[in-house]
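Quick notes on the structure that follows.
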Amino acid sequence: MSVDLAGARVLVTGGAGFVGSWLCERLLDEGATVWAVDSFMTGSPDKVAHLVRRPGFTLVEADVSETIPDPGGVTHVMHLACPASPVHYLRLPLETLRVASNGTVNALELAERHGARLVLASTSEVYGDPLEHPQRESYWGNVNPIGPRSVYDEGKRFAEATTMAFHRERGVDVGIARIFNTYGPRMSVDDGRVVPTFLHQALQGKPLTVAGDGSQTRSLCWVEDTVDGLVRLACSNEVGPVNLGNDAETTMLELAETVVHLTGSRSSIEHVALPQDDPKVRRPDISHARRTLGWVPTMTAEEGLKRTVRWMEELLAG
Ligand code: NAD
Ligand code: UDP
């Protein structure tokens, strides 16, 4: 499928976050005008500092759970605003529920006003601790509705339900992406997610904190691959949900060993308590994205991790 965003006017909620910053950059490269709307709750203007002088880019500070400033003439809304790291959403449970609910309604109403297409950044967490493996979009999931992670998991499930209701009842043009673990430069070093945590520990010679016995799996996707999937979804008329992730699965113990090897670190491995309801396995079936969007992730884990290591080395060097 072709990507044509020249002349598009795209509002990106969460545009100063990790994925949002890469998405804004890609949209500008495609010739779109971009408004990044962000409260900086877990993101930062630093992540888009390299974009602020580019023509067509505007950074707007606002809490989308309250209201979304309307720049007019919007053709696409990319709704990414939401704490995404377990450390963040466990610290910000009510804010997470508010942005997944009120924030999503506000984003959908803005899209409706403009006849714009809305892409929702949902998550593999809607599958919870999955009993089906790999996860296909048809799987309804296994989520603990009252556990600590539920603010995120159920929040995103609510966001998906709201998106589908606006689509069915009001004819809003929507696409739902279920994003699996995505990594790369510009992740916050202290957000607790496994890739920045292991890299930071390895580069400082500290023990790598592997949760539990490390046999739980994740499937890590390079950020530009995820962003390419989001852009293709924005340019399609696919409603979804569509899994976006790399289907190469690894245990967290293997990941720790790979990081030690790639960084040449002398760090040891230290086993720490497994968080409550930590999913045991996670791997996307991406045949739907391949078929409908012509999307496949192309970055190898080794090359993606090496690039992230180089970025973090520069960051730590000041
Ligand atoms: P992030 O925390 O880096 O980015 C989220 C951004 O949203 C931040 O800049 C934050 O300040 C902003 N935000 C949060 N609440 C807001 C509010 N009320 N108003 C305005 N801005 C607000 O996280 P990320 O990894 O970039 O994730 C982006 C999106 O992708 C999230 O919706 C997340 O659920 C989804 N996602 C990410 C991953 C991943 O592995 N990175 C996986 C699945 C889904
Ligand atoms: N994890 C770990 N050590 C850490 C941080 C995370 O072993 O220092 C594990 C975590 O328990 C989970 C996996 O790595 O099994 C991925 O965690 P992350 O927070 O990155 O994302 P999640 O997939 O849980 O949302």
(request) Could you check, for segment 135-157, whether at least one of its residues is buried (at least 20 other Cβ atoms within 10 Å of the Cβ), out of contact with any Leu (no Cβ under 6 Å at 6 or more places or on another chain), among the acidic types (Asp, Glu) and assigned to a helix (DSSP H, G or I)? (result) yes
(request) Tally the residues that are away from ligand 1 (no atom under 11 Å from the Cβ), in contact with an Asp or Glu (Cβ under 8 Å, 6 or more places away or on another chain) and of a type outside the set (D, E, K, R), restricting the search to segment 167-196. (result) 4
(message) Quick test of your reading of the structure: VAL189 fulfils all but one of (1) farther than 30 Å from ASP4 by Cα; (2) within 16 Å of ligand 2 (Cβ to nearest atom); (3) surrounded by fewer than 23 Cβ atoms within 10 Å (Cβ to Cβ); (4) at pLDDT 95 or above. Name the failing condition by number.
(response) (4)
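Return the residues of segment 192-225 that are polar (S, T, N, Q), out of contact with any Pro (no Cβ under 9 Å at 6 or more places or on another chain) and either assigned to a strand (DSSP E or B) or crowded, with 18+ Cβ neighbours inside 10 Å (or both); say none if nothing qualifies.
Within segment 192-225, THR197, THR209 meet the criteria.
Test PHE180 against the stated conditions and say whether it is aromatic (Phe, Trp, Tyr), within 13 Å of ligand 2 (Cβ to nearest atom), over 17 Å from the mean Cα position of the chain (by Cα) and crowded, with 22+ Cβ neighbours inside 10 Å.
No.
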(request) Taking the options CYS24, CYS82, name whichever one is within 19 Å of the chain's Cα centre (by Cα) and assigned to a loop (DSSP other than H, G, I, E, B). (result) CYS82
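The values are calculated or read from the model by the stated rules, or taken from the named source; none is laboratory data. What you are looking at is a predicted structure, and each value in this text was computed from that prediction instead of being measured. Cβ atoms come from the backbone with ideal geometry, glycine included; neighbour counts cover every protein chain shown.
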